[in-house]
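Taking it in order: structure first as structure tokens, then the write-up.
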Amino acid sequence: MHLLLNSFTCLIACGSLLCAQVAEPDIAPPVFQRVVLFGASVTDGFDSAKPFGGPETRQYRLANYIEAALLGKREPAVTHASTLLFLNAKETLQKQVSSVVAAKPTLAIGLDAIFWFCYGANLTPEQRLAQFESGLQLLEQIECPLIVGDLPDGSSSVGGILGKEEMPDATTLAACNARLADWAQKRSNVTVFPLAKVMAAAIANAELTLGSMTWPQGKSRSLLQEDKLHPSRLGLAALAIFVLQSVAPSRV
């Protein structure tokens, strides 16, 4: 796989990764010819310093980092994500999935697409599990290679950007992640990206290894914004690179 860590994604250099360039191929690998993103605020772009949006918000859009990380001739990466997905998760995701399918992508990335199918206000554990199942059913409409993030523990954000009533209990969160793993294992087109691992390490400011790169203890917290839920620009750059690297080598 050829990835370019150029001046845009060189934000990572601030956090232990070094920039490197490789010769640009004439044509990008087939799986990267038409990349389409969808999901919620992590993908759409969210600036915790200006939660209602501002001129810097676009700097937090994951598609920009995906675009910067890819090499070769291909169609530009596009996104159908919405920060407002949480207001009506099922209807909004259905519209996004329909747009993704219509675009006929070679790779779909829904890193936070099903976050709000486990999280959400005033739901019983049973309702959360049922809603999560409905989210997986929506994703089944996507037949191309699909990367989905698992569910991080957002409890550190409760009382801030997350309300207590929106947070699932630990047992329900674990059950949803187990169901996602089982669901993905039965679908050869699906890759689960370990968002939960990244979030847990960053919250604890613990050592974190992704691929061949390691953030030592005391450095990984820089991957998150102050709200302890959304990635910083450094974090987005890292996610873009390692999400793309998670594509099965046989597809590249």
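Worth pointing out:
- Pairing residues of segment 175-194 that are within 17 Å of V31 (Cα to Cα) and among the hydroxyl-bearing types (S, T, Y) with residues that are outside any helix (DSSP H, G or I) and at pLDDT below 95, at Cβ distances under 8 Å and at least 6 apart in sequence or on separate chains, gives T191/S246; T191/V247; T191/A248.
- Test for T191: is it in a strand (DSSP E or B), crowded, with 16+ Cβ neighbours inside 10 Å and modelled with pLDDT of 95 or more: yes
- Exactly one residue out of P168, P152 is under 23 Å from W215 (Cα atoms) and either outside any helix (DSSP H, G or I) or in contact with a Leu (Cβ under 9 Å, 6 or more places away or on another chain) (or both), and it is P152.
- Checking each residue of segment 77-92 against the condition of being in contact (Cβ under 8 Å) with a residue 12 or more places away in the chain, under 17 Å from I147 (Cα atoms) and among the polar types (S, T, N, Q) gives at least one match.
- Taken over segment 97-128, the criterion of being out of contact with any Leu (no Cβ under 8 Å at 6 or more places or on another chain), touching a residue at least 60 places away in the same chain (Cβ under 8 Å) and among the charged types (D, E, K, R) is satisfied by K104 alone.
- Qualifying residue in segment 171-184 (condition: in contact with a Lys or Arg (Cβ under 6 Å, 6 or more places away or on another chain), among the hydrophobic types (A, V, I, L, M, F, W, C) and under 30 Å from E67 (Cβ atoms)): no
- Long-range neighbours under 6 Å by Cβ, at least six apart or interchain, first residue touching a residue at least 24 places away in the same chain (Cβ under 8 Å) within segment 129-155, second among the small types (G, A, S): I142/A108; C144/A108; L146/A108; V148/G110; D150/A196; P152/A196
- Set I142, I203, I147: member being part of a helix (DSSP H, G or I), at pLDDT 95 or above and touching a helix residue (DSSP H, G or I) at 6+ places or on another chain (Cβ under 8 Å): I203
- Exactly one residue among G39, G45, G15 is at pLDDT 95 or above and either in contact with a Lys or Arg (Cβ under 6 Å, 6 or more places away or on another chain) or open to solvent by less than 10 Å² (accessible area, probe 1.4 Å) (or both), and that residue is G39.
The values are calculated or read from the model by the stated rules, or taken from the named source; none is laboratory data. These numbers were taken from a predicted model, which means no experiment stands behind them. Glycine also receives a Cβ, built like all others from the backbone with ideal geometry; neighbour counts cover every protein chain displayed. Ligands, DNA and RNA are stripped out before the accessible areas are found, and what is left, the full protein with its side chains, is counted by its heavy atoms. Shrake-Rupley method; radii C 1.70, N 1.55, O 1.52, S 1.80 Å.
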